[in-house]
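To start, the structure under review is shown below, and the notes come after it.
Throughout, read-outs are computed from the coordinates displayed, never taken from laboratory work. What you see is a predicted model; the values in this text were computed from it and never measured. Note that we place each Cβ from the backbone using ideal geometry, even for glycine, and neighbour counts take in every protein chain shown.
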Amino acid sequence: MLYSELKCSPEILQAVERMGFTEMTEVQEKAIPVMMAGKDVIAKAPTGTGKTCAFGIPIIERINPESNKPQAVILAPTRELAQQIAEELTELAHFLPKVRIVCVYGGANIQRQAEKLKKGCQIVVATPGRLMDHMHHKNIDVSAVTSIVLDEADEMLNMGFYKDVRRIIDSMKARKSLCMFSATISREV
């Protein structure tokens, strides 16, 4: 399926074209419409198949850019993956200047991250431990978060983040969808 056939905003289609993508991968073709309908998704697809676009497009499409409260949280197991996801989401939102994405992860200045969160954003990309820190310090209001994505869910849980992830999910009372994307999915996940 071609991206041009996707029922989404012209700004997203323009961004996808700018990124050099024309045809969807299998995971994108299967996950995007389901997520756009607001349903939960568990997707297993090899690394490099465009999982970030598969969840990024529906996330960006469904947020309200007029609100400064986070509406979507994407959890990643490592700082490097969180940064990579945030960069790709920023590219997808290139023609939507009101959409703000903040990336928070351990090993970086927590105060600077807190300032970015206080300025407002609609999407937060985070590692579980650092998101818990920001929630504990009341740097982030998760009351309007309706979508949660666990990227590389298997790896995150193998690294011992199960309790943190569970706590984070349980704290987001407005949650309407929970999606998991991973290169491998174990029975436990």
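A few notes on this one:
- Cα-based shape type of the chain, given that a ≥ b ≥ c are square roots of the gyration tensor eigenvalues and the cut on a/c is 1.5: oblate
- The helix-only estimate of mean residue ellipticity at 222 nm for the chain, built from DSSP H runs of length n ≥ 4 each weighted as -39500 (n - 2.57), is -12500 deg cm²/dmol after division by the residue total.
- Antiparallel bridges, percent of DSSP beta bridges restricted to the chain (to nearest 5): 5 percent
- In this label model, Lys119 and Ala183 are separated by 3.3 nm, measuring between points 7 Å along each Cα→Cβ vector.
- With the highest mean first, a sort of the peptides 43-50, 119-126, 105-112 on other beta-carbon atoms found within 10 angstrom per residue produces 119-126, 43-50, 105-112.
- With contacts taken as Cα pairs under 8 Å and at least 6 residues apart, segment 34-189 reaches a relative contact order of 32 percent.
- Calculated FRET efficiency for the pair Phe95/Lys173, C-beta based, R₀ 41 Å, to 0.05: 0.80
- Table column - 3J(HN,Hα) (Hz), segment 146-160, Karplus curve with 6.51, -1.76, 1.60, x for Gly and Pro: 10, 10, 10, 10, 9, 9, 6, 3, 4, 4, 4, 6, 5, 7, x
- Estimated vicinal HN-Hα couplings, Hz - segment 53-67 in sequence order (Karplus 6.51, -1.76, 1.60; Gly, Pro = x): 5, 4, 9, x, 4, x, 4, 5, 4, 8, 7, 9, x, 7, 8
- Pairwise label distance in nanometres, Thr49 with Asn64, each label 7 Å out on the Cα-Cβ vector: 3.5 nm
- Applying a threshold of 30 Å to the alpha-carbon distances of Lys119/Lys173; Lys7/Lys138; Lys44/Lys138 flags Lys7/Lys138; Lys44/Lys138 as lying beyond it.
- ³J(HN,Hα), Karplus 6.51/-1.76/1.60, whole Hz, each residue of segment 86-101, x for Gly, Pro: 4, 5, 5, 5, 4, 5, 5, 9, 3, 9, 10, x, 7, 7, 10, 10
- Debye log10 I(q)/I(0) for segment 41-114, one point scatterer per Cα, at q = 0.18, 0.20, 0.25 Å⁻¹: -0.80, -0.97, -1.35
- Computed from label points 7 Å out along Cα-Cβ, the spacing between Glu26 and Gln14 is 3.4 nm.
- Scanning residues 5 or more positions from Ala45 or on other chains, those with amide H under 5 Å from its amide H are Ser182, Ala183, with H placed 1.01 Å from N in the peptide plane.
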